[in-house]
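Some notes on the structure that comes next.
The values are calculated or read from the model by the stated rules, or taken from the named source; none is laboratory data. Just so we're clear, the structure is a prediction, and the values are computed from it rather than from any experiment. FYI the Cβ positions are ideal-geometry reconstructions off the backbone, even for glycines, and counts take in every protein chain you see. With ligands, DNA and RNA removed, areas are computed over all heavy atoms of the protein, side chains included. Shrake-Rupley method; radii C 1.70, N 1.55, O 1.52, S 1.80 Å.
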Amino acid sequence: MSNTRTINFGVIGAGAIGSIHARNIATRIAGANLVGVMDVNLEAAQKAAFGGAYATQDLDRLLGDPAIDAVLIASLTALHREHIQQATQAGKAIFCEKPVALDIHETRRVMQEVEEAKLPFQIGFQRRFDPGYAEVARLLRSGEMGKVEMFRSQSSDPKPAPEHYIASSGGIYIDSVIHDIDVARFMVGEITRVTALGRNPVDAVYDKYGDISISILTLEFENGAVGVIQNSRRTPHGYDLRCEVHCERGKLVTEDERETKLWRYDAHGIHGDYYYYFMQRFQDAYRIEAQAFVDGLLAGTPLQPNTHDAIESLRVAVAATKSLREARSVLITEV
Ligand SMILES: NC(=O)c1ccc[n+]([C@@H]2O[C@H](COP(=O)([O-])OP(=O)(O)OC[C@H]3O[C@@H](n4cnc5c(N)ncnc54)[C@H](O)[C@@H]3O)[C@@H](O)[C@H]2O)c1
């Protein structure tokens, strides 16, 4: 770490999410500075090289740059493992987009390497930093609501991701439902068993990759609570997201989906808009999670979600994938 009160960043992968992070680091995160952006696509790197950062196709240049304290890895999922390993060898603090790898054994191995190198690590489960989700978790921890009895989460994308992305994403549970799973673990606690049910009514592209486009996943928690996660790849009205936790003394719901905080009532009905995609819905959460990473590095305090969360949330997603394929309930201990 440099001796200044600034964390100098290199961003690896400047696609949809990498460019959001690069812009945040360059313009919206206190104590952070964007030094370089690396992407095999030079044009993408150049577009994301905000605030005078350099753009490069050369990973060795970025990782060998002594001015860089931390890397933010936002390359495609299939590349995270090798990028984490290279950043570990270079001794950089690491923020990595979810998931670390598609495979649980690989994930455990690479997380162990990071831990052994004693390098700070944070995984990109940004929902934990969304003000609504964070407040639900805080209230649950305070004990005011009593014991949690039921958890419910719904996330629906307006349309399928690009085919190149679907091809290497690992399927709906590992790529997408993992966010709901991480929230369930964050709010309620560890999960012991999952049962998945899925179909593909949305687009033949999912059949091509053995994937599905609608899913119901039921959860059993260690503390006796039960839960359900509902996902779809088609909500033409926009990104549709809500989370509800039913407790002994009431329930907590976070669900504000409107980009413009307005309802219009007229002769044709009641109208309001929606956030179209997660990029807009979680714009504040992406900033807040990166700020938490920087604040943790500067203060030398533990980061979260950490290597343990990267492993455990993936483990549940892998169990869900297994449950779907084998048409049975799967214990998390089987993974
Ligand atoms: N937390 C979230 O909400 C969230 C949202 C979207 C994506 N993601 C995660 O972020 C990652 C990237 O997703 P995306 O939607 O930005 O994908 P994307 O396809 O838009 O971007 C990926 C980028 O990686 C680049 N790339 C390819 N090979 C590379 C290499 N060898 N070295 C460096 N860069 C390389 C590509 O050129 C591209 O610019 C995925 O792992 C995904 O799971 C997380």
Original post:
In debye, nearest 20: dipole of region 124-222 around its Cα centre with unit charges on the Cβ of K, R (+) and D, E (-)?
Top reply: 180
Subject >> Rough spin-label spacing in nm, given labels placed 7 Å along Cα→Cβ, for Q46 and K147 >> reply: 6.2
Original post:
Taking region 279-322 as the region of interest, what is the percent of Cα-Cα pairs per 5 angstrom bin, listed from the shortest bin to the one with the maximum distance?
Top reply: 5, 19, 16, 17, 20, 14, 6, 2, 0
Original post:
Structure shown: which of K159/K208; K98/K261; K208/K322; K98/K322; K147/K261 lie over 23 Å apart, alpha-carbon to alpha-carbon?
Top reply: K98/K261; K147/K261
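Which of the chymotrypsin sites (Phe, Trp or Tyr not before Pro) found in region 194-237 are loop residues per DSSP with 14 or fewer other Cβ atoms within 10 Å of their Cβ?
Those that pass, being in a loop and sparsely packed, are Y209.
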**OP:** Please name which of I181, H268, S215 has its Cα lying farthest along the dipole of region 176-285 towards the positive end, using unit charges on Cβ (Lys, Arg +1; Asp, Glu -1) and the Cα centre as origin.
**Re:** H268
**OP:** Evaluate the Kirkwood expression for the hydrodynamic radius of region 179-268, namely the inverse of the mean inverse distance over all pairs of different C-alpha atoms, and round to one decimal in Å.
**Re:** 15.7
Original post:
Over all directions, what mean area does the Cα convex hull of region 242-335 project, stated in square nanometres?
Top reply: 11.3
Original post:
Carbon and sulfur: what percent of region 174-256's accessible surface (1.4 Å probe)?
Top reply: 49
Original post:
Charges only on Cβ, +1 for Lys and Arg, -1 for Asp and Glu: so what's the dipole of region 57-108 about the Cα centre, in debye to the nearest 20?
Top reply: 140
Original post:
Once the Cα atoms of helix 283-299 and of the chain are each reduced to a long axis, what angle between those two axes, in degrees from 0 to 90 to the nearest 10, is obtained?
Top reply: 50
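Which whole number in µm²/s is D for the chain by Stokes-Einstein, with the Kirkwood Rh taken over Cα pairs at 25 °C and 0.890 mPa s? Show your work: numbers first, answer last.
Values: Rh = 20.6 Å.
Estimated diffusion coefficient is 119 µm²/s.
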**OP:** Measure off 7 Å from each Cα along the Cα-to-Cβ vector at Q57 and D284, then give the distance between these two points in nanometres to one decimal.
**Re:** 4.1
**OP:** Taking only protein heavy atoms into account and a 1.4 Å probe, give the accessible area per residue of region 1-123 in Å².
**Re:** 43
Original post:
Just from its helices, what would the mean residue ellipticity at 222 nm be for the chain, if runs of 4 or more DSSP H residues each count -39500 (n - 2.57) and the sum is divided by every residue, rounded to the nearest 500 deg cm²/dmol?
Top reply: -11000 deg cm²/dmol
Original post:
Say each of V202 and L262 gets a label point 7 Å from the Cα, pointing the same way as Cα to Cβ; how far apart are those two points in nm?
Top reply: 3.0
